[in-house]
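Student: Below you will find the structure I want to go over with you.
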Amino acid sequence: MKEGHLSQLLENTSQLTMLVEVSSTICRAGGALLAVAMVALGVDALFALSPWGLISVDLFFVCLIISAGCFTLRQAWRNAFNARRVARQIETHLGVDNSRLINSVEFLENPSSSSSRELIDRSIRDGEDMASLISSFEVVKFRGFLKACGLASGAILFVIITFASAPRLIAMVLPRYLDPTGDHPPFT
């Protein structure tokens, strides 16, 4: 695609969408991992897990971290730049029903020899004109990102409150998970 308002809008929207989606995934995964870690601390504090139980929980936690990393990479791959997809995203979000951006992208990427040059130029110009009036921030949805940030903030706040109210619990249980065969005393 050649330089202009349209290509700039598509690239900026794609980058912003990727940033929002990947950041949302990281916040959700981080919040969930913190919640699982706190549950694991509580389980060991209540039941004084044996070393094989501690190792099992550690392996489960490692699997969760790997899964979260894979899901984050998947989100990044799904949101890689694709001009047609981004043009469709913009038109869908704005409720445009005449496909001016999509047609412009099509003609810029695959100029048709069977269509008149005048029609192609007019379609591209229409898309450029429309793109000059749109900002990427108008198109990208931030609601999911804000919810994910809220989840992560809630999990962090819960960890801080737990640590402030029961520092001995953290100090006694955490070493047991970090060194499950180290014969650390259980929390009592």
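Student: Please specify each residue of segment 157-179 satisfying the condition of being at pLDDT 95 or above and not in a helix (DSSP H, G or I).
Tutor: Residue satisfying the conditions is Asp179 alone.
Student: Condition test on Val105, is it among the hydrophobic types (A, V, I, L, M, F, W, C), surrounded by 14 or more Cβ atoms within 10 Å (Cβ to Cβ) and modelled with pLDDT under 90?
Tutor: no
Student: Which one is farthest from Ser132 (Cα to Cα), of the residues in segment 100-113 that are polar (S, T, N, Q) and assigned to a helix (DSSP H, G or I)?
Tutor: Restricting to residues being polar (S, T, N, Q) and assigned to a helix (DSSP H, G or I), the top hit is Asn103.
Student: Could I ask something else about it? Looking only at segment 116-155, which residues are of a type outside the set (A, V, I, L, M), within 12 Å of Leu9 (Cα to Cα) and surrounded by 13 or more Cβ atoms within 10 Å (Cβ to Cβ)?
Tutor: Matches in segment 116-155: Gly127, Glu128, Asp129, Ser136.
Student: Take Val86 and tell me if it is within 27 Å of Arg28 (Cα to Cα) and surrounded by 13 or more Cβ atoms within 10 Å (Cβ to Cβ).
Tutor: Considered against the rule, which asks whether it is within 27 Å of Arg28 (Cα to Cα) and surrounded by 13 or more Cβ atoms within 10 Å (Cβ to Cβ), Val86 comes out as yes.
Student: Determine whether segment 100-115 contains at least one residue that is over 23 Å from Leu34 (Cβ atoms) and of a type in the set (Phe, Trp, Tyr).
Tutor: Scanning segment 100-115 turns up at least one residue that is over 23 Å from Leu34 (Cβ atoms) and of a type in the set (Phe, Trp, Tyr).
Student: Kindly evaluate Ala35 against the criterion of being under 30 Å from Pro185 (Cα atoms), surrounded by 15 or more Cβ atoms within 10 Å (Cβ to Cβ) and of a type in the set (A, V, I, L, M, F, W, C).
Tutor: yes
Student: Next question. Just to be sure I understand, how many residues within segment 55-89 are in a helix (DSSP H, G or I), out of contact with any Leu (no Cβ under 6 Å at 6 or more places or on another chain) and of a type in the set (Gly, Ala, Ser)?
Tutor: 5
Student: Further question on the same structure: Regarding segment 90-99, can at least one residue be identified that is touching a residue at least 12 places away in the same chain (Cβ under 8 Å) and in a loop (DSSP other than H, G, I, E, B)?
Tutor: Yes, segment 90-99 contains a residue that is touching a residue at least 12 places away in the same chain (Cβ under 8 Å) and in a loop (DSSP other than H, G, I, E, B).
Student: If the Cβ limit is 8 Å and pairs must be 6+ apart or interchain, which residue in segment 53-76 that is within 20 Å of Ala40 (Cα to Cα) and touching a residue at least 12 places away in the same chain (Cβ under 8 Å) pairs with which residue that is of a type in the set (Ser, Thr, Tyr) and exposed (fewer than 15 other Cβ atoms within 10 Å of the Cβ)?
Tutor: Ile55/Thr181
Student: Have a look at Glu118, Glu128 and point out the one that is over 23 Å from Val36 (Cβ atoms), of a type in the set (D, E, K, R), assigned to a helix (DSSP H, G or I) and free of Cβ contacts under 8 Å to residues at least 24 places away in the same chain.
Tutor: Only one candidate qualifies: Glu118.
The values are calculated or read from the model by the stated rules, or taken from the named source; none is laboratory data. A quick note: this is a predicted structure, and the numbers were derived from the prediction, not measured. All Cβ positions, glycine included, derive from the backbone under ideal geometry; neighbour counts span all protein chains shown.
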